[in-house]
Amino acid sequence: MQLDFLLNYIPFISSFLILFSIYLIMSLSLNLEYGYAGVPNFGHVFFMSIGAYVAGVLTARALDFFSGSTAGYCSGQAANIRGDFAIAHPEISMSLFVVSLILGAIIGGLFGYLGAYPALRLKEDFLAITLIFIGEIGRIIARNEEWLVCGLTGLTGVANPFKWIENVHLRSVIYTALVLVFAALIYIYTERLVQSPYGRLLKSIRDDEIAAMALGKEVPKVRGVVLIIGSSLAAIAGVLRTFYLQSVVADDFLPLVTFIVLSMVILGGMANNKGVVLGTLIMMVLDMFISPSFFAMMGVIVEFDITYLKYVLIGVIIILVLMFKPEGIVPEGPVRTPAVELSMQVEEEVEKAVQELIEFKKQKEGQSEG
Amino acid sequence: MADAIIQARGITAGYGKAIIIQDVNIDIERGKITAIVGPNGSGKSTFLKTIFGLTRVFKGQIIYEGRDITKMLPEERARIGLGYVPQVNNVFPNLTVEENLEMGAYARTDKEQVKADLEEIYSVFPILRERKKQKAGSLSGGERQMLAMAMALMGKPRVLLLDEPAAALAPKVVTQIFTKIKEIVASGVTILLVEQHAKRALNLCDMGYVMAGGRVVMKGPGKELLADEKFVEAFLGKR
Amino acid sequence: MDISVPLMNSLTLGSLYTLMALGLTMSFSVTKIANFAHAELVTLGGYVTALLVNWMGFGLAESLVAAFFASALLALAMDELVFKPLTRRGSRTLYLLVASIGIGLIVRYILYIYADLNGIITIQTKADIQIVSQVGRAAITTMHLWIFPVTIISVILLHVMFHYTKVGKALRAMADNEDLARVSGIRIYRLRRIMWVIAGGITGVAGGLWSAYSVLTPEAGWQALLRIFAASILGGLVSFWGTIAGGIIIGLAENLGISIANEFFYVNTAYRPLVSFIIIVVVFLFKPTGLAGIDVIGWIKRKMGKGE
């Protein structure tokens, strides 16, 4: 009795945790790019969509090929055949998941590298403008290309790697656990990265022009690497999302998604991964409460689509945090000191960083000469 | 104590969180030329900007004609008799020369007098009349400096702050500019001059201040400073 | 192929984009904010016009005046409540861009809620449109007799303001160098308010005209924003005439250009927005000064000069 009661909640809990994890990967990677390195990749959703398309196209095409399906790529019949085939062949279905992840990450990183080209040259505001519109353009192209993810209707039948497990609850528990593990690993990875000397280098480039100048040609390279890593992580989030929904629709990847992720980063605290986890959690809980299903459950009837209210709130949160708590709920550095002390502290740190960088550069030059 | 039109008392100022100048006390005497000299990065320019309210003041006061103007907006300071010629970016490049001069007189309401002053400026700086329909961005360095000074004069200031008016100009133009400065003082305007070229400035000024590392390290009448062994050794000896 | 219809569309939409982009160019050149909430000024103007005409029976002219004031007020509110306080605190412009995204979300989705409650998620101003004349297969309607004159008059009025009035010249001075403007005694906050009223207002009028020309949704402005930015960016984000040229070029490329490409190269017409995007990327990468190169060079120099 008790257990049945719990089982009823599994779909709800697993969907919350999966979406949380996917958004967490997105916010951590945006935080790496924007929070730590100061590269305003507001086209983050585009790189997520790349991963999602890779997973969708690869898996669907491969399942069609292996099953010898003659049904049209976008037909419902094809989706059914793919599902049945995946259930019958767990090994193929799971390998496709692994290959999708690897390929998604690589292609996502490749697009990040392409995005890095303007990123190295443009002033940050211009870069932000360009990247915001990149997201929109990617979506417009994808929705008009049937061969990719079936245009407006979307591609279906991208079988979950655990579709062969008969128990629905067990299946979703396993996939949830897997996605959570991915999010945790990516958290650890980004945290290690930003704690390393490389992380300090990122921050010093972001904060200090002198340091950036001392580095000379290193700056574009560093920014490029960050964009590659960030994009490839976003693509992984896209892959995980496709296998969770077992479908891809181009119109899901609106610039709005980037803005939601951005609100998570800003709310949590830029350049602070712990804060970003908290920010993501808060926004996801908000998302859960301000939803048609929750309102219906509470018996509240509103005459308009509740999701609109959610987006209003996201806007309000962005503005309020920027205006009254620009450092977010968990600030980047230690406790704030009075202006003078802080300025001296900052100066010292910057100087130290610059020294380190110059040394680092000299060493490198020495190596290349020797 | 001499009659000071502006007094800076214990000014500590900078940008954002960074402090550039500390505990600076400088008196600017009415109708005289006061010069601030010192090496690059000594905070001279920052001090000038501080008088005009373009920096963040952490501590201290600026007194103008007995009135505390520390918190006044720059545009309001311009309206009570302060004029300022920055070292760089001191003209509006996309406005014509004439429009630049009009902007210099923006706050004035005496239209007729403005017209007369414009004519006078043109007779003092004939080159500006020639170029009046040209965009200021197309002027040469020297012409630009002339325009910048003319703009400030169009505002009829009582105190004029000049930031390195002769920097990066040909020697002939420098002489011209310094002659103009003398003329301006003779017309009753008080001048605060910031110069890196110490000898030139101290020869011209009535009172000199030496800044280094964001502080005032020496002060005295210009000629006396030039004769001071310690000063010569520290600032001129290197040259 | 008959080009009269796409040519007519090009000119009509080009005029509208121009009108929408002029406000963005004005606000960017004076405040340096890449204002993504500019989209909402268009949408609001469109909805105000449509509601007044359709529900209250107002004439188009009065409704456009109302749209002017509605969007002007919104623009002013954005600045007073968000941009100005942030700017005074010394926020970098990227920060302000993020804030504008926030403002955009708030306004757009409040509009969505209002529209959903009133069943007007899609709306079009019921203007009395009659065919006046025919050029080839393209009809010139009363709508065109609104759009072209309003655009031309706005452009002339703005030109007169910028070059022959004290306020206009001071605005140009402020766009050139804000600190120097202050030093000259220009009260920049007052001027900034005037700027937002004019920039917001003409954008609202553009939205109003658009609402009579085609169907709007609360997202209309956002969808037009790419074109608006492209037009403005073609003008180097600061140039008045560059923006006008930009608007017309985008109009031509998106209609006449795509029609030709579709006819001869089978390019999908749905790829229309791609034109604007390519323009943005190419201009940013290879000529960030846009069509009017001189304007921005000074600005960038000043930007670098400030660091000293």
Residue tally, condition more than 15 Å from A:Y34 (Cβ to Cβ) and within 7 Å of another protein chain (Cβ to nearest Cβ), over the stretch A:113-125: 2
Filter result for C:S100 (out of contact with any Pro (no Cβ under 9 Å at 6 or more places or on another chain), of a type in the set (S, T, Y) and at the interface with another protein chain (Cβ under 10 Å from one of its Cβ atoms)): yes
Need the failing condition index for C:Y189 against (1) assigned to a helix (DSSP H, G or I); (2) within 10 Å of chain B (Cβ to nearest Cβ); (3) touching a helix residue (DSSP H, G or I) at 6+ places or on another chain (Cβ under 6 Å), just the number. (3)
Criterion first (under 18 Å from A:F133 (Cα atoms), at pLDDT 85 or above and either surrounded by fewer than 17 Cβ atoms within 10 Å (Cβ to Cβ) or touching a His at 6+ places or on another chain (Cβ under 7 Å) (or both)) does C:I278 satisfy it? yes
Restricting the stretch C:116-130 to residues that are more than 26 Å from the chain's Cα centre (by Cα) and over 28 Å from C:I3 (Cβ atoms), the residue that is nearest to the other protein chains (Cβ to nearest Cβ): C:L117
When you scan the stretch A:271-331 for helices (runs of 4 or more DSSP H) that lie fully inside it, which ones turn up with 1 or more residues that are under 19 Å from the mean Cα position of the chain (by Cα) and either within 13 Å of another protein chain (Cβ to nearest Cβ) or without any contact (Cβ under 8 Å) to a residue 12 or more places away in the chain (or both)? A:273-289, A:306-324
The lone exception for C:L94 - which of (1) within 23 Å of the chain's Cα centre (by Cα); (2) within 14 Å of chain A (Cβ to nearest Cβ); (3) modelled with pLDDT of 95 or more it fails: (3)
Sort through A:V226, A:V194, A:V219 and tell me the only one that's crowded, with 23+ Cβ neighbours inside 10 Å and either more than 24 Å from A:I106 (Cβ to Cβ) or in the same structural domain as A:I25 (by TED's automatic domain parsing) (or both). A:V226
Just checking, how many residues over the stretch B:1-24 are over 11 Å from B:K59 (Cβ atoms) and either surrounded by fewer than 19 Cβ atoms within 10 Å (Cβ to Cβ) or away from chain A (no Cβ under 13 Å) (or both)? 12
Grab the helices (runs of 4 or more DSSP H) fully contained in the stretch A:14-124, keeping just those with 2 or more residues being within 12 Å of the chain's Cα centre (by Cα) and either free of Cβ contacts under 8 Å to residues at least 24 places away in the same chain or assigned by TED's automatic domain parsing to the domain that holds A:I188 (or both). A:44-67, A:90-121
For A:G83, which of the numbered conditions (1) modelled with pLDDT under 95; (2) in contact with a strand residue (DSSP E or B) (Cβ under 7 Å, 6 or more places away or on another chain); (3) not acidic (D, E) fails to hold? (2)
For the stretch C:153-168, state whether one or more residues are outside any helix (DSSP H, G or I), surrounded by fewer than 23 Cβ atoms within 10 Å (Cβ to Cβ) and more than 14 Å from chain B (Cβ to nearest Cβ). no
Determine whether the stretch B:173-190 contains at least one residue that is more than 18 Å from B:V124 (Cα to Cα) and either free of Cβ contacts under 8 Å to residues at least 60 places away in the same chain or in contact with a Pro (Cβ under 9 Å, 6 or more places away or on another chain) (or both). yes
Looking at the stretch C:131-147, can you tell me whether even one residue there is more than 20 Å from the chain's Cα centre (by Cα), over 20 Å from C:G201 (Cα atoms), within 11 Å of another protein chain (Cβ to nearest Cβ) and among the hydroxyl-bearing types (S, T, Y)? no
So C:A170 passes all but one of these: (1) under 30 Å from B:P86 (Cα atoms); (2) small (G, A, S); (3) modelled with pLDDT under 95. Which condition number does it fail? (3)
Please tell me if A:S232 is assigned to a helix (DSSP H, G or I), within 14 Å of chain C (Cβ to nearest Cβ) and polar (S, T, N, Q). no
Only residues that are within 19 Å of B:P157 (Cβ to Cβ) and either facing another protein chain (nearest Cβ under 8 Å) or under 20 Å from the mean Cα position of the chain (by Cα) (or both): list them for the stretch B:56-66, please. B:I62, B:I63, B:Y64, B:E65
Can you tell me which residue within the stretch A:295-354, out of those that are touching a helix residue (DSSP H, G or I) at 6+ places or on another chain (Cβ under 7 Å) and small (G, A, S), is modelled with the highest pLDDT? A:G315
State all residues of the stretch C:121-152 that are among the hydrophobic types (A, V, I, L, M, F, W, C) and crowded, with 19+ Cβ neighbours inside 10 Å; if no residue qualifies, say none. C:I123, C:A127, C:A138, C:M143, C:W146, C:I147, C:V150
Being more than 13 Å from chain C (Cβ to nearest Cβ) and under 19 Å from C:G90 (Cβ atoms) is the filter; apply it to the stretch B:67-76 and report the residue that is surrounded by the most Cβ atoms within 10 Å (Cβ to Cβ). B:T70
Would you confirm, using the coordinates I've provided, whether B:V173 is hydrophobic (A, V, I, L, M, F, W, C) and assigned to a helix (DSSP H, G or I)? yes
So in the stretch B:33-66, with the set limited to residues that are of a type in the set (K, R) and surrounded by fewer than 19 Cβ atoms within 10 Å (Cβ to Cβ), which one is nearest to B:K223 (Cα to Cα)? B:K59
Of C:E178, C:E254, the only residue that is under 26 Å from C:Q130 (Cα atoms), within 14 Å of another protein chain (Cβ to nearest Cβ) and touching a helix residue (DSSP H, G or I) at 6+ places or on another chain (Cβ under 9 Å) is C:E254
For the stretch C:122-137, how many residues are in a loop (DSSP other than H, G, I, E, B) and touching a Ser or Thr at 6+ places or on another chain (Cβ under 8 Å)? 9
So A:I134, is it among the aliphatic types (A, V, I, L, M), under 30 Å from A:G224 (Cβ atoms) and either part of a helix (DSSP H, G or I) or touching a His at 6+ places or on another chain (Cβ under 7 Å) (or both): yes
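The values are calculated or read from the model by the stated rules, or taken from the named source; none is laboratory data. This is a predicted model, so every value here is computed, not measured. Heads up, the Cβs are rebuilt from the backbone with ideal geometry, glycines too, and the neighbour counts pull from every protein chain shown.
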